[in-house]
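Quick notes on the structure that follows.
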Amino acid sequence: MRSYLPVARATYMIGLVYRFGFLFAIVGNLVYLGVAYYLWKSIYRHSETLRGLTFNETFLYVGLGSAIFILLKTYADWIIHYEIREGAIAMYLTKPIDFQIYALFANLGSMIMNVTVLTIPTALIMTLIFKVKFAFGPGLFLFPISLLLAFLVSFSIDYFIGIMGFYTESVWGLSATKEIVVTVFSGALIPLQFFPEAIQKVLYWLPFQAIYHTPLMMMTKPDQGLNIFLPMILVQLAWAAILFVLARLFYNQAIKVLRIAGG
Amino acid sequence: MSLIHIKGLSKHFKILNRREGLGGAFRDLFSGSYRTVEAVADISFDIEAGEIVGYIGPNGAGKSTTIKMMTGILKPTGGVIQVNGLAPYENRIRQAQIMGVVFGQRTQLWWDLPVIESFKILKEIYKVDQTTFDKHMGLFNELVGLNALYSQQVRTLSLGQRMLCDIAASFLHNPQVVFLDEPTIGLDISVKAKIRSLIKTLNSERNTTIILTTHDLGDVEALCQRIIIIDKGRILYDGDIKRVNALFGAYRTLKLQIDNFTEATLQTLKDKLTECFGAGHGITVAETEEFWTDVTIDQARTPLSDVLSFVMKNFQVIDVRIVEISMENVVRKVYDGALG
Amino acid sequence: MRTLGEYFRLYIIIEAQYIKARMQYRADFIISSIGMFFSSLATLGVFWVILETVPDLAGWSLMEMVFIYAFYMIAISPMQILFDHAWQIRFHVQQGTFLKYYFRPLNMMFYYMSEMFDLKGLTQLVIGIALLIYSSIQLNLDWSLTRFFLLLMTVFSAALVQISIVVAASCAAFWVIDSYPVLGLAWKLREFSPYPMSIFDGAFRFAFTYVIPIGFVAFYPSQLFLRPEEVSSLVYFSPIVGLGLFAITYWIWTKGVNSYTGTGS
């Protein structure tokens, strides 16, 4: 594992060079926060609490969602597609490295860069400018763990899509569909509590809520007891493990096919 | 009036000195310090219709910059440049009608379309009438058998086939001047021969002026009557190829990888060569990148085989390559006054 | 010089070939269209979910939101279909392949954009038209010839606004390597276009009306048809806004194209 650390460091350093981009990314986030603020204020015009959440809680949920969005956005699907298509995959096969782990660490480096430059400033802006109130509770401590697990789940899904893209020779369509499905049904856009009961029941069985909803709830209502949080974390862990293994198996299968087909 | 007239041409670039960090990026947006790079300093030459001119020089010499000014992409900083009587930069679209351009590696044809469709689209773009179109397509087929490639998508072609198509395409609209940039790069000898023959025939059939930029001296020898050598933004030589030919033909470079190579080894090699072959041996030794030593030999004075066996006997040689003289070495020789 | 008609004819010839070539990738076309279908409806889905919980969004009912959304879909289709190549500018610029666009006797933006024709954008257009018809019927809107003409005019202007914003953002690639977030911002703004402007006040409303006028992409024009009494006369000037913005974008493009010197020397 240690030998992969330089990979993470490399992608982190690349992030340092692209300062202009980060400036704009922060501006972009600010605009999003502003629009979300107005939108939800307008929605909460009618009542103090909706579906068990106050305006402050919902805005925190949505705002934080935008802050961690860039963290959880892995490009594993495009990396795979590109590498397989360009045949660069052959290069990795001949080296004593594990491609999946390699891709994971590559993402990790840029993820850490994004935390420093995007997530933290966004969180600060939320507290200082939008006067969002953060509550306290055990949820706050579980948040980082939950975030890490969420990253793993997101990564594995993207990885999976990337390999599927290799079979169908079309990554955009799959990626876009996955993007929408994940964004809408994971709580990245609106808290899952707003969905009709029936749909919510289905959603809780899918891995998507493990990406946004779970970690966001830790911060939104951190004072809920451990008996609520621990099962959520375990679900995340389960999904992370299952998906990581599935992606790996799928990848090995695809490589076998690639080797036979040649090219 | 010459087709291409260039006098006192210069091009300067202002490069921003970037500051560090996020704060630096912010400040760069508002105020910055610049440094000036002189890519082309003071260039003058005239080219007449029908000439095939080799425009050569090392990387970073200012070749591409001059070409970009001739094709109207870059605005000159100073001097005069006229192609067919007009300044290229101010008349891009009009000039494009009388010009053809080919980039060695990157195709100008439509990637996903069959070859013939690219030609048909070009016919529309350049407003080529049907008669001219048919005549040219017939000529291309006669010269390189283009018909066989018509239905293939450009992206399925081999590099050589693509180059032939790109070159043919650049002549389709009967341009007055065609700029060829590295037309034979990465190709094997037989394809290179085909391409050179195509270029030469098209030049004589249509009296098209050809400006050739290349690192391949075989191209230059086969095609050009005139050579312009540029280095560090200035013209080093402008004249008949015969004089420079004498420089290329007899020279060969022996590339060596010597075990346990140190600074001292270089000097020892030089000394030993003088010792063995005498003072006027015409051999130059230089260390190039990554452990390779270039031993450039003037075969008129010392046979390569002699030098090779000498070196093998006296030094621990791990790897050997024999190449024609490189562009860099030619320029160095011209600098050193080899052309008098 | 070429006339507009000649350019149009040339465009048809090029795209006919392009479409023929792309149709070979059937699986990609189908999957992309499906992906487009879902992306198109995501925001509408969000509105639907919200309007299940609250009676109206800033005073707008669900069906009115559908109309605004439909208008939005139609307005963004031309950008999607005709200017999709804008997303690749940064790649061409970095790899040096952008140079080839200088060498033809054609307007460069025309030549560059004509290289891609996004078929899956047609899905968006069709969905938009379908939803517009549906919501019109549900809302009992009457369509006179004048109103229909106004619709065409506002869609045209809205499309220009959308095109201008995204293409201008993509031009950042001419100057900086990490230009993607600029496009990202433009895209986010696009996603906010179907939101009712009435939820905003102060700086945001000013910005979205006068600075980066995404309000003109869907909301203000829709007001014209849904609540004509509330609409400000600004809307009747939309073509000026659209054309003006496009002129600015074209100016930015020209500046970018002139400043790009390519890689290597």
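Residue by residue, the stretch C:88-98 carries 3J(HN,Hα) couplings of 8, 3, 5, 6, 4, 5, 5, 8, x, 6, 6 Hz when phi is fed to the Karplus relation 6.51 cos²θ - 1.76 cosθ + 1.60 (θ = phi - 60°); x denotes Gly or Pro. Take every DSSP beta bridge whose two residues both sit in the protein assembly as shown; close to 75 percent of them are antiparallel. Against the main long axis of the alpha-carbon atoms of chain B, helix B:263-277 sits at an angle near 80°. In this structure, the amide hydrogen of B:Gln176, modeled 1.01 Å from its nitrogen in the peptide plane, lies closer than 5 angstrom to those of B:Met99, counting only residues at least 5 positions away or on a different chain. For B:Arg252, the amide hydrogen comes within under 5 Å of the amide hydrogens of B:Ile297, B:Gln299, counting only partners 5 or more places away or on other chains and with H modelled in the peptide plane.
As an equivalent ellipsoid, the stretch A:107-263 spans semi-axes of 32, 18, 16 angstrom, where each value is the square root of five times an eigenvalue of the C-alpha gyration tensor, largest first. Relative to the longest principal axis of the Cα atoms of chain B, the long axis of helix B:21-30 lies at roughly 50 degrees. Compared with the dominant principal axis of the Cα atoms in chain C, helix C:62-82 is inclined by about 10°.
Dividing the summed helix terms, -39500 (n - 2.57) for each DSSP H run of n ≥ 4, by the number of residues in chain B produces a 222 nm estimate of -11500 deg cm²/dmol to the nearest 500. As a rough footprinting exposure proxy, the listed residues C:Val167, B:Val334 were ranked by other beta carbons within 10 Å of their own, and the order from fewest upward is B:Val334, C:Val167. A Förster radius of 45 Å, combined with the Cβ-Cβ distance separating B:Val37 from B:Asp240, puts the computed FRET efficiency at roughly 0.90. Here the Karplus relation 6.51 cos²θ - 1.76 cosθ + 1.60, evaluated at θ = phi - 60°, turns the backbone of the stretch B:303-312 into coupling constants of x, 5, 4, 5, 4, 4, 5, 4, 5, 4 Hz, with x for every Gly and Pro.
The mean number of Cβ atoms from other chains found within 10 Å of a Cβ in peptide C:35-47 is 5, as a whole number. Counting every other Cβ atom within 10 Å of each residue's Cβ, A:Ile68, B:Ile125 order from fewest to most as B:Ile125, A:Ile68. Ordering A:Trp239, C:Trp187 from the fewest to the most neighbouring beta carbons within 10 Å gives C:Trp187, A:Trp239.
What the phi angles of the stretch A:146-161 give under the Karplus curve with 6.51, -1.76 and 1.60, with θ = phi - 60°, is a coupling list of 4, 4, 4, 4, 4, 4, 4, 4, 4, 4, 5, 4, 4, 4, 4, 4 Hz, glycine and proline written as x. Express the relative contact order of chain B as a whole percentage, based on alpha carbon pairs under 8 Å and six or more residues apart in sequence. Worked out over chain B, it gives 19 percent. Considering only alpha-carbon pairs that sit under 8 angstrom and 6 or more positions apart, the relative contact order computed for chain C is 25 percent. How much of the pair distance distribution for the stretch B:250-324 lies past 14 Å, counting alpha-carbon pairs only, in percent? The calculated P(r) of the stretch B:250-324 puts 55 percent of pairs beyond 14 Å.
Read-outs throughout are calculated quantities, based only on the coordinates presented, and are distinct from any laboratory measurement. What you see is a predicted model; the values in this text were computed from it and never measured. Counting neighbours? That spans all protein chains shown, and the Cβs are built from the backbone with ideal geometry, glycine included.
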